[in-house]
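Down below is the structure, laid out as structure tokens.
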Amino acid sequence: MSSAIAVDIGTSRTLVADPAGAIILDQPTIAAVDIPTGKMLAFGSAALEMTGRAAGEVSIVRPVWRGQLTDLELTHQVARHLLGHARRAGAHRPDVLCCVPAAATGVQRRALERSFKKAGCRDVWFVDHAVAAGIGSRLRLDELVATMVVDVGAGTSDMAVMALGGVVTEASIPVGGDDFDGAIKALLKSSFDL
């Protein structure tokens, strides 16, 4: 996979890495969409800058919510945008390794695969978030002793127990950092009237 990129479209942030592991894109997972046409005008920080500029004409949307895609057409446009960054970094018609929650259904995986292929990639592979976190942490996942990995994202928490190079069991729940932030805010408000 010499011309491959890794993509993680998370609830809060989207990351794209080149074959050497260098991050070529790290942006908020926010899209500015033209309401009449449904066309994505901007993604990431550029979309955040458009907040409030054209009230009534532009909607600020989160394409992923709790690990789930919210809009298939918007997913196509986001995939095209991400592959555009990969092309500028020198990866033409790359293969895509895409991180997904363990609970992602076959339908969701096929929708992502179609979106990236429609945008111009060659092939798409999927890796669960917890497995990617274990590999990225350089854990010894090929040993006989089991290793547990917990990946707490903004919208989902993924857990996996791995041994002998494979996944023994895994789970994904739709609770993450956004929920923790909300609970802390609610506690501060009720306890200290802040």
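If the condition is being surrounded by 14 or more Cβ atoms within 10 Å (Cβ to Cβ) and either part of a helix (DSSP H, G or I) or under 21 Å from the mean Cα position of the chain (by Cα) (or both), then the stretch 137-166 contributes Val149, Asp151, Val152, Gly153, Ala154, Gly155, Thr156, Ser157, Asp158, Met159, Ala160. Within the stretch 169-180, one or more residues are under 23 Å from the mean Cα position of the chain (by Cα), small (Gly, Ala, Ser), assigned to a strand (DSSP E or B) and under 25 Å from Ile9 (Cα atoms). There is no residue in the stretch 61-83 that is over 16 Å from the mean Cα position of the chain (by Cα) and open to solvent by less than 60 Å² (accessible area, probe 1.4 Å).
How about the stretch 151-180: which of its residues are of a type in the set (Val, Ile, Thr) and touching a residue at least 12 places away in the same chain (Cβ under 8 Å)?
So the first thing to find is which residues in the stretch 151-180 are of a type in the set (Val, Ile, Thr), and the list is 152, 156, 161, 167-169, 173, 175.
Passing the criteria: Val152, Thr156, Val161, Val167, Val168, Ile173, Val175.
Of all residues in the stretch 30-51, those satisfying the criterion of being open to solvent by 70 Å² or more (accessible area, probe 1.4 Å) and of a type outside the set (D, E, K, R) are Ile35, Pro36, Thr37, Leu41, Leu48, Thr51. Here Gln27 clears all of (1) buried (at least 20 other Cβ atoms within 10 Å of the Cβ); (2) within 30 Å of Ser3 (Cβ to Cβ); (3) in contact with a Ser or Thr (Cβ under 6 Å, 6 or more places away or on another chain) except the condition numbered (1). For the stretch 105-133, a residue qualifies if it is surrounded by 22 or more Cβ atoms within 10 Å (Cβ to Cβ) and small (Gly, Ala, Ser), and the qualifying residues are Ser115, Ala130.
The values are calculated or read from the model by the stated rules, or taken from the named source; none is laboratory data. Just so it is clear, the model here is predicted, and its values are computed rather than measured. Cβ coordinates were reconstructed from backbone atoms using ideal geometry, including for glycine residues, and neighbour counts include every protein chain displayed. With ligands, DNA and RNA removed, areas are computed over all heavy atoms of the protein, side chains included. Shrake-Rupley method; radii C 1.70, N 1.55, O 1.52, S 1.80 Å.
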